[in-house]
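Trainee: My questions all concern the structure below.
The values are calculated or read from the model by the stated rules, or taken from the named source; none is laboratory data. Quick caveat: nothing in here was measured; it's all calculated off a predicted structure. Reconstructed Cβ throughout: ideal geometry from the backbone, glycine too, with neighbour counts over all protein chains shown.
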Amino acid sequence: MITEALMLSAILFVIGTFGVLVRRNAIIMFLCIELQLNAVNLSFVAFSRMFGIEGQIFVFFVMTVAAAEAAVGLAIIISIFRHYETVNVDSFNLLKW
Amino acid sequence: MSALLESIGYSDWALHALVWLPVLGIGLVLWVEEAQAKTVAFWWSMVVLALSLGLWWAFDPTQGGMQMQSTAPWIPGWGVSYSLGIDGISLFMVMLSTFSTSMAILGSFNYIQSRQRAFYALMLLLEAAVVGVFVATDVFLFYVFFELTLVPMYFIVGVWGGERRIYAAIKFFLYTAFGSLLMLVAILYLFWKAKTLLGFPTFAYADLLQVPLSGTEQLWLFSAFALAFSVKVPVFPLHTWLPDAHVEAPTPGSVILAAVLLKMGTYGFLRFLLPLFPVAAQHPTVVTTMLVLGVIGILYTAWVAAVQPDAKKLVAYTSVAHMGFVVLGVFALTVNGLQGGLIVMISHGISTGALFLLLGMLYERRHTRTIAEFGGIARVAPWFATAFVITALASIGLPGTSGFVGEFLALLGTFETHPTIAFLATLGVIFAAYYMLPMVQTVFFNKLETDENRKIEDLNGREMAIMAPLCALMILIGWNPTPLLERMEPSVRAVIERVEAAGVADAAIESGVRFVEAPPIDPEDPATLAEADVASAADADE
Amino acid sequence: MSAVIAPVIALAQGGGQAAAEAAHFEPFLPGLVVLLPLLGFVLNGILALRHGRDSAAAVRRGEELDLGDRASRPATHTLPTWIGPGVLGAAFVITLVNFARMFGADLEAPVIVHYWTWIATGTFTVEAALQLDQLSMIMMMVVTGVGFLIHVFSVGYMRDDAGYPRYFAYLNLFVFFMLVLVMGSSYALMFVGWEGVGLCSYLLIGYWFSDREKSDAGKKAFIVNRIGDVGFLIAMFLLFRAFGTVDFVPVFAEAETLVYAGGLVTAITLFFFLGAVGKSAQIPLHIWLPDAMAGPTPVSALIHAATMVTAGVYLVARSSVLFALAPLSSAVVAGIGVLTALFAATIALKQNDIKKVLAYSTVSQLGYMFVGVGVGAYAAGVFHLMTHAFFKALLFLGSGAVIHAMHDAYHSTHSHEDAQDMRNMGGLKTYMPITWATMWIATLAISGIWPFAGFFSKDEIIWQTAAFGGAENAPYAALYSVYWIVALAAAMLTAFYMTRMMVMTFHGENRTGAEESKHLHEAPAVMWVPLAVLAVLSVFGGWINVPEAIQTSWVGLFGALPTGEWLHHWLEPLTAQAHHIQEANLGELAHSAPFGGGEVLWATISTAAAAVVVFLSIRFVGGQKTVPVAQDETAPSGFGAVLLNKYYVDEFYDRFVVQPIVRASRFCWKTIDSLVIDGAVNAVGLVAKAFGWGVSMFQTGSVNTYAFILTVGVLVILGVAVL
């Protein structure tokens, strides 16, 4: 059982990672990050069967942080969109040296 | 006077007040109207000055050790304490600081036109920091004050300075910070060593003096401290920040820089280098290096000064030459040399400070500092010329002025131990005339040709109030330096005796005996602890 | 200044007895002698600054009054006129009282009056104390006496000067420092005066500072003097190392512990002599004195003839014990002296500026004094110092009167001719007879013609030089023979060029110009009275020291003078120790003339030779046709040009000393300081910057790059952890 859960978690994580690396749309990249988080959550839940309840408790923390992050992140993306009228991350290189 | 001071418990609170009154003044200056800031700052600094004059009577000239000491724990876990005290070495430095600050503030009334409140607040902060440097008897506290002086000075140069002020301010900051960081490492090493050997954490100067150090350790620590102080002095070839900082700094900044900040370097030599690392301080290579650098500083910067087209830069370079005499006096390791060095410090503070003030007054009138632009000013400004000539003569060490007493004693002291070096340094007397007289001549004598120069006004009342005490002090110290010398002597003698006590080791170095590590000391065992005191001397015997 | 006049402490060289004897001499307010000129300086200085403020306002309004302009005559004249000479007169009177007391006291050891402790470091102490003894008394008399006369003369000479109070302020300050120099009880205090007079010399040479040339001359004097001062300082350091003090009395008391002719004492004396060379304008540092003539003429008389420049001689005489211990140094002193005497005399032959002639004459005469003190004849050196102060001050003041008249003459027609060039003078005898007569007296005195003062002092020096060379164990005996012959030759040259100066100035046709000559006039009484007084001194001043050997002959008026060799006996207590050292090491001096024949014969020959030279010079120069500067188109050639250009010494120094130093200074600044040191500092900054720039390349600003690098980084770390 645990093997399958971890497999699924790994697949989801890899999809998320590739999504972040390959896609250029900030919203999609953001969703992929969420996907990675949830892949980790899945692992936590799976492990909690073996090691006790802490894993599930930790999932709540992750979800809380993810929610907060989603709020701030989406707000940033919206304000960027207002400014540039695009959410393509290649268009933003203000931090370049 | 002494009785009066005693009745108000002066010696208990005076040093604290000297550090903290300027800090209180900052609040006051920031609180009042922009237009009143300078008046308030000036009178506040006069109060501090008046307070510091009491030290003259409260100080016991018969004692060589720290006086008026008081201490309070600050960060007990690390053994850091807030402890203050003065001795004959720092007494006059404190008075010089408060005096210079007052004169500099009075001299800045016209020069500083923008952001006056901020400027005077920084001046007072600077005063607190430099007084703190001279009265701190805790090495950590000393370091804090030492670094704190950088902050106001950085802004004074960087905000109110000339065209290349940013470059000058950053250069000044980085140069000095570079040196002092190495010193911080050395201080921490000393702290660690003290903790291991004494068994309790301490930064107290008196405790650190008890820490036995092997010769090798002393040399390393000496180098780190020496580098920090040498940048401040500045010793050739670490001097190139000074001309830039002086030229770009506003007049009051230059005054404080020359009169006080440079002295922190040589004060550090006397307070830390010699007493903490007596063996290293008399290592022949070390002594020769420092003396040679001092002589190069005297001769080389005199030459460089002589060909400067900018009057302020000229005076800036002469500072390096003067401080060369101090370096010489200190590393001559004789009573005469040290006393001479101290008098040069005081004299240079007064005369070079006065020169910068005068050049600032000239700049306010004419908006240039290029020597060749002037000529014949003595015709239209006789008081100005008189003050300038007196100051210039004090600066080049004419007998009857303070400069002579200092240079003479420093050279005499150096000659006792290192005749060749002293001989070369004495040539500086010629080159002093070579850089100063042409400048005086071109600016004040010769023909009065241009209309701009014809319009130059003589000294006004405020400017005379600045120059009168400065000139009076130059001449007074020139004719009667004994009251100063007798107050310094016990402390100077204590330093020399401490160095000489380690002299046995010195002989061993010369004969090529290698240093060995100090024997392990058990902090629990009082016997080994006592032995630690003489450990550095014991190096020699092995 | 807590000048509590302490009880007189008689420091005894010979123990308690001497102290008791010295107590006979009660100094009379010696501090006031020094203090009065200082007071004069302060008062005149205040007046000068107040006056300066008024004239500055005038200058600013555009009313151009050049310094020295006769048109402006400030109302603030009266006070300086009384204060300036007044304080000097008072000081002179006090000095006279002291002299009278000392004269009767038979003083054996110096009396030291202590005021306060100047420097005390714990291992080194200098007292602010005045030393009164026979030597300082002679110097005080010369300084205050001649100084007073010159102050009085100045009242007339500087009458129309715009900076009148300032002039007297400087002059008074000079006298103050000069008195510190001669009265100070230690080398350190002497050095205060030594540099102080240098300062005043600087201020007074550049007194008309608007003229670039004049202020340059002042600067040159100061810097050249400082070269000598370094020698003085080093000598003091050596003394301190040897004795732990620089006070005269203990140093001389212990001096004989030094090895005779040893390295240390030779070094000390040579360094002191370097100081003397600078101050007394001897080769190779003589270059400043002729330029110093840029100052007002009374200044030249006081500072650059009578007092300051003789300080070097005073220094050697004061240190007689040390120099007696160092025969090599003494030989150098005499050698430099004799060389300078000849060298300067030859230059003086061709000069046309009246003050330049006198300047080189002064350099030459100072050379004689050094010969005197160099051969151990310290009293003879001081004697010549004193007589020279009389006749050279007279010559300078006389030339001042001439220049004053010439200046008035040219001023009347607004001509810009040179008022100091002798080619523009001639025939002034009829216009200014008193000046003419007094200056002739001085000329005969300096030429060494009996019975004038210079005859006795100069002949004694030459004679002593020969005698020294003839001593049993004299070192470098042959050298001294050369010395006295050269000195004799220089004396002949002196007679020649001085007579030439007199003839060109006062005799023959007047060349000033028809219109101008109407305005030539004799000096006013305030100027000629000092001339007359100095003339009297120039005649009789030499009689105080007639050698005993010739006292009873015609040279000494057949013994009519009350005493022979008075000055020798007067200075005996101070020179005895030196003479004792010399006799112990050199044996008996040969006091007879070198070729036999008796002293009287040689004295007769000497004065006759000088008289012949004077006569020849009158004939030769009188026979030459001199034309005014404006019409003078002949350029001297050959050796004459070399002499006129002072052997090109100035040019040599400029080319091989001054310019190289300036070039080296520029090199230090531009190359070493700006390029190497600052370059290194900036290079460190650049390296840091470059590194930062390189690393910043990773900062693409693209989110994907960051994410990619992050991922790769995580994978690498994980990979390392797993493996």
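Trainee: Working carefully through the options B:THR420, B:THR386, find the one that is more than 8 Å from chain C (Cβ to nearest Cβ) and without any contact (Cβ under 8 Å) to a residue 60 or more places away in the chain.
Mentor: Details: B:THR386 fails: more than 8 Å from chain C (Cβ to nearest Cβ).
None of the other options fit; the residue is B:THR420.
Trainee: Within the range C:527-560, restricting attention to residues that are modelled with pLDDT under 85 and farther than 18 Å from C:ILE449 by Cα, which residue is surrounded by the fewest Cβ atoms within 10 Å (Cβ to Cβ)?
Mentor: C:ALA560
Trainee: Please enumerate the residues belonging to the range C:1-46 that are at pLDDT 50 or above and in a loop (DSSP other than H, G, I, E, B).
Mentor: Passing the criteria: C:ALA23, C:HIS24, C:PHE25, C:GLU26, C:PRO27, C:PHE28, C:LEU29.
Trainee: I've got another one for you. Confirm whether B:LEU174 is more than 14 Å from chain C (Cβ to nearest Cβ) and under 29 Å from B:ARG271 (Cβ atoms).
Mentor: no
Trainee: Another question about this same structure. Among C:PHE390, C:PHE370, C:PHE323, which is the only one that is of a type in the set (Phe, Trp, Tyr) and within 22 Å of C:THR443 (Cβ to Cβ)?
Mentor: The unique qualifying residue is C:PHE390.
Trainee: Another question, if that's okay. Please go through the range C:109-126 and pick out each residue that is in contact (Cβ under 8 Å) with a residue 60 or more places away in the chain and either under 30 Å from C:ILE83 (Cβ atoms) or among the hydrophobic types (A, V, I, L, M, F, W, C) (or both).
Mentor: The first filter runs over the range C:109-126 and keeps only residues in contact (Cβ under 8 Å) with a residue 60 or more places away in the chain, leaving C:109-116, C:118-119, C:123-126.
Selection gives C:ALA109, C:VAL111, C:ILE112, C:VAL113, C:HIS114, C:TYR115, C:TRP116, C:TRP118, C:ILE119, C:PHE124, C:VAL126.
Trainee: Between a residue in the range C:618-633 that is closer than 17 Å to C:GLY427 by Cβ and among the hydroxyl-bearing types (Ser, Thr, Tyr) and any residue that is modelled with pLDDT of 80 or more and assigned to a helix (DSSP H, G or I), which pairs come within a Cβ distance under 7 Å, given they are 6 or more apart or on different chains?
Mentor: Correct list of pairs: C:THR626/C:ARG423; C:THR626/C:MET504.
Trainee: Being farther than 25 Å from C:VAL111 by Cα and buried (at least 19 other Cβ atoms within 10 Å of the Cβ), is that true of even one residue in the range C:238-251?
Mentor: Yes, the conditions are met somewhere in the range C:238-251.
Trainee: Could I ask something else about it? I'd like the full set of residues that are at pLDDT below 90, of a type in the set (S, T, N, Q) and assigned to a helix (DSSP H, G or I), limited to the range C:389-429.
Mentor: Within the range C:389-429, C:SER412, C:ASN424 qualify.
Trainee: Give the residues of the range B:76-114 that are part of a helix (DSSP H, G or I), in contact (Cβ under 8 Å) with a residue 40 or more places away in the chain and farther than 30 Å from B:ILE343 by Cβ, sorted by residue number.
Mentor: B:GLY77, B:TRP78 - these are the residues of the range B:76-114 that are part of a helix (DSSP H, G or I), in contact (Cβ under 8 Å) with a residue 40 or more places away in the chain and farther than 30 Å from B:ILE343 by Cβ.
Trainee: Considering only the range B:1-56, give the helices (runs of 4 or more DSSP H) lying wholly within it that have at least 2 residues that are touching a residue at least 24 places away in the same chain (Cβ under 8 Å) and under 14 Å from B:SER97 (Cα atoms).
Mentor: Correct list: B:10-31, B:37-53.
Trainee: Would you call B:LEU437 under 24 Å from the mean Cα position of the chain (by Cα) and facing chain C (nearest Cβ under 9 Å)?
Mentor: No; evaluated as a whole, the condition is false for this residue.
Trainee: Right, here's the next one. Just one of the numbered conditions (1) among the charged types (D, E, K, R); (2) farther than 17 Å from C:GLY685 by Cα; (3) touching a residue at least 40 places away in the same chain (Cβ under 8 Å) is not true of B:LYS193; which one?
Mentor: It fails just one condition, (3).
Trainee: Let me ask something else. Among C:GLY622, C:GLY542, C:GLY564, which is among the small types (Gly, Ala, Ser) and part of a loop (DSSP other than H, G, I, E, B)?
Mentor: Selected residue: C:GLY564, the only one of C:GLY622, C:GLY542, C:GLY564 that is among the small types (Gly, Ala, Ser) and part of a loop (DSSP other than H, G, I, E, B).
Trainee: Follow-up. Looking at B:ALA381, is it out of contact with any helix residue (DSSP H, G or I) (no Cβ under 6 Å at 6 or more places or on another chain), surrounded by 23 or more Cβ atoms within 10 Å (Cβ to Cβ) and at the interface with another protein chain (Cβ under 10 Å from one of its Cβ atoms)?
Mentor: Considered against the rule, which asks whether it is out of contact with any helix residue (DSSP H, G or I) (no Cβ under 6 Å at 6 or more places or on another chain), surrounded by 23 or more Cβ atoms within 10 Å (Cβ to Cβ) and at the interface with another protein chain (Cβ under 10 Å from one of its Cβ atoms), B:ALA381 comes out as yes.
Trainee: Inspect the range B:445-453 for any residue being of a type in the set (D, E, K, R), over 20 Å from C:VAL224 (Cβ atoms), touching an Asp or Glu at 6+ places or on another chain (Cβ under 9 Å) and facing chain C (nearest Cβ under 8 Å) and give the result as yes or no.
Mentor: Looking for residues that are of a type in the set (D, E, K, R), over 20 Å from C:VAL224 (Cβ atoms), touching an Asp or Glu at 6+ places or on another chain (Cβ under 9 Å) and facing chain C (nearest Cβ under 8 Å), one finds at least one in the range B:445-453, hence yes.
Trainee: Next question. Quick check on B:SER45: is it surrounded by 15 or more Cβ atoms within 10 Å (Cβ to Cβ), among the hydroxyl-bearing types (Ser, Thr, Tyr) and touching a Pro at 6+ places or on another chain (Cβ under 9 Å)?
Mentor: yes
Trainee: Scan the range B:447-465 for residues that are touching a Phe, Trp or Tyr at 6+ places or on another chain (Cβ under 7 Å) and of a type in the set (S, T, N, Q) and jot them down.
Mentor: Listed by number, the list holds a single entry, B:ASN453.
Trainee: Give the range C:649-704 a look and list any residue that's farther than 30 Å from A:VAL20 by Cβ and within 14 Å of chain A (Cβ to nearest Cβ), or say none.
Mentor: Passing the criteria: C:LYS689, C:ALA690, C:PHE691.
Trainee: Looking at the structure I just gave you, is B:PHE404 surrounded by 19 or more Cβ atoms within 10 Å (Cβ to Cβ), out of contact with any Ser or Thr (no Cβ under 7 Å at 6 or more places or on another chain), at negative phi and not hydroxyl-bearing (Ser, Thr, Tyr)?
Mentor: The answer is yes for B:PHE404.
Trainee: Within the range C:290-297, does at least one residue satisfy the condition of being of a type in the set (D, E, K, R), in a helix (DSSP H, G or I) and free of Cβ contacts under 8 Å to residues at least 12 places away in the same chain?
Mentor: Looking for residues that are of a type in the set (D, E, K, R), in a helix (DSSP H, G or I) and free of Cβ contacts under 8 Å to residues at least 12 places away in the same chain, one finds none in the range C:290-297, hence no.
The rows are residues; the columns are (1) farther than 22 Å from C:VAL712 by Cβ; (2) within 14 Å of chain C (Cβ to nearest Cβ); (3) part of a helix (DSSP H, G or I); (4) of a type outside the set (A, V, I, L, M).
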residue	(1), (2), (3), (4)
A:THR3	yes, no, yes, yes
A:THR17	no, yes, yes, yes
A:GLN36	no, yes, yes, yes
A:ARG49	yes, no, yes, yes
A:GLN56	yes, no, yes, yes
A:VAL59	yes, no, yes, no
A:GLU69	yes, no, yes, yes
A:ILE77	yes, yes, yes, no
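Trainee: Also: Please count how many residues of the range B:210-250 are closer than 20 Å to B:MET345 by Cβ, within 13 Å of chain C (Cβ to nearest Cβ) and among the polar types (S, T, N, Q).
Mentor: Within the range B:210-250, residues that are closer than 20 Å to B:MET345 by Cβ, within 13 Å of chain C (Cβ to nearest Cβ) and among the polar types (S, T, N, Q) number 0.
Trainee: Right, something else. Please state which one of C:PHE103, C:PHE176 is crowded, with 24+ Cβ neighbours inside 10 Å and either of a type outside the set (D, E, K, R) or within 13 Å of chain B (Cβ to nearest Cβ) (or both). Before you say what the answer is, go through the steps one by one.
Mentor: On the way: C:PHE103 fails: crowded, with 24+ Cβ neighbours inside 10 Å.
After ruling out the rest, the residue left standing is C:PHE176.
Trainee: Run down C:GLY295, C:GLY278, C:GLY335 and say which single residue is small (Gly, Ala, Ser) and closer than 13 Å to C:VAL363 by Cα.
Mentor: Result: C:GLY278 is the single residue among C:GLY295, C:GLY278, C:GLY335 that is small (Gly, Ala, Ser) and closer than 13 Å to C:VAL363 by Cα.
Trainee: Follow-up question, since we're still on this one. Among the residues of the range C:518-527, which ones are in a helix (DSSP H, G or I) and either out of contact with any Leu (no Cβ under 9 Å at 6 or more places or on another chain) or under 21 Å from C:HIS568 (Cβ atoms) (or both)?
Mentor: Listed by number, the residues that qualify are C:ALA525, C:VAL526.
Trainee: If we only count helices (runs of 4 or more DSSP H) wholly inside the range B:433-542, which ones have 2 or more residues that are at pLDDT below 70 and of a type outside the set (Gly, Ala, Ser)?
Mentor: Passing ranges, in order: B:503-510, B:526-533, B:535-541.
Trainee: Sticking with this one: Out of C:PHE252, C:PHE237, C:PHE209, C:PHE272, I need the residue that is of a type in the set (Phe, Trp, Tyr), in a helix (DSSP H, G or I) and facing another protein chain (nearest Cβ under 10 Å). Which one?
Mentor: On the way: C:PHE252 fails: facing another protein chain (nearest Cβ under 10 Å); C:PHE209 fails: in a helix (DSSP H, G or I); C:PHE272 fails: facing another protein chain (nearest Cβ under 10 Å).
Among C:PHE252, C:PHE237, C:PHE209, C:PHE272, only C:PHE237 is of a type in the set (Phe, Trp, Tyr), in a helix (DSSP H, G or I) and facing another protein chain (nearest Cβ under 10 Å).
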